[in-house]
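Please read the structure below before turning to the comments.
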Amino acid sequence: MRIHECFMCGANVYPGHGSTFARNDSKIFRYCSSKCTKAAKKRLNPRRLRHSKHHRRAHNKELTVDASLEFEKIRNRPEKYDRELYAQTVKAMKKIQEIQDARKASFYDERMKKSHKVRKQLVESTVSKNVDLLVNPIVAKRLAEKNLGITLTAKEAHEKIAENPMLVLGDRAKAEIEKAKKENKLKKHSAKKHIQRVDAMSDE
């Protein structure tokens, strides 16, 4: 039982699924779905189809150069059945799949770093422009007056909150933020001390 690859998109074609086309010169083409079959009949280039693996690899959207991808190879020579070898192969396949998934995930995270930054900036700008939709004007005014200690109009309160969103936070949230900052400072301080100790020991 062999899992074939779709000629158009590169997806897996499992036994009993997809369609097969045999050309006059005995070359066999396998397609995973009617979508790929129609694309093949139209003689479309797989590199120009966005859902295909060829397109994704050509545009650096998938991991292409990695040692874990070299294990999958079609071998047409008959193998003598060996139970131990079969069990070891199944275990190795699971392990290789785990390694591939982990490396693909790290590649995706690295690729999406720029877009995450841009998305974060867009969200921040949207929130700063539409603070009045997030906070009730009366509540905003009350919080700004409580934290700043001065009387403000609703419009002035919104402007202040847009400049400093920390004004909207309650006492508990502020305390937690301060606590996290202190812990971070302590960690940095302890790391510095450790480095100094190591340097002192190396000097001795």
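The values are calculated or read from the model by the stated rules, or taken from the named source; none is laboratory data. Quantities reported herein were computed from a predicted structural model and do not represent experimental measurements. Here the Cβ is made from the backbone with ideal geometry for all residues, glycine too, and neighbour counts use every protein chain on show. SASA here: full protein model, heavy atoms, side chains in, ligands and nucleic acids out. Shrake-Rupley method; radii C 1.70, N 1.55, O 1.52, S 1.80 Å.
Distance cut-off 27 Å, Cα to Cα: go down the list Lys35/Lys61; Lys27/Lys61; Lys91/Lys113; Lys42/Lys94; Lys53/Lys94; Lys27/Lys53 and report the pairs above it. From Lys35/Lys61; Lys27/Lys61; Lys91/Lys113; Lys42/Lys94; Lys53/Lys94; Lys27/Lys53, over 27 Å: Lys27/Lys61; Lys91/Lys113; Lys42/Lys94.
Rounded to the nearest angstrom and listed largest first, the equivalent-ellipsoid semi-axes of the range 54-95 from its Cα gyration tensor are 30, 13, 7. Straightening the chain between Asn45 and Arg2 buys 12.9 nm, computed as 0.36 nm per residue apart minus the Cα-Cα spacing.
Remark: the range 10-92 carries 88 Å² of accessible area per residue (probe radius 1.4 Å; ligands, DNA and RNA excluded).
When the range 66-110 is described by a simple charge dipole with +1 on each Lys and Arg Cβ and -1 on each Asp and Glu Cβ, the residue from Phe107, Asn76, Val90 located farthest towards its positive end is Asn76. Ranking of Val13, Val123, Val65, Val90 by solvent-accessible surface, largest first: Val65, Val123, Val90, Val13 (1.4 Å probe, protein heavy atoms only, all chains present). Each label was represented as a point 7 Å from its Cα along the Cα-to-Cβ direction; for Arg103 and Ala58 these points are 2.4 nm apart.
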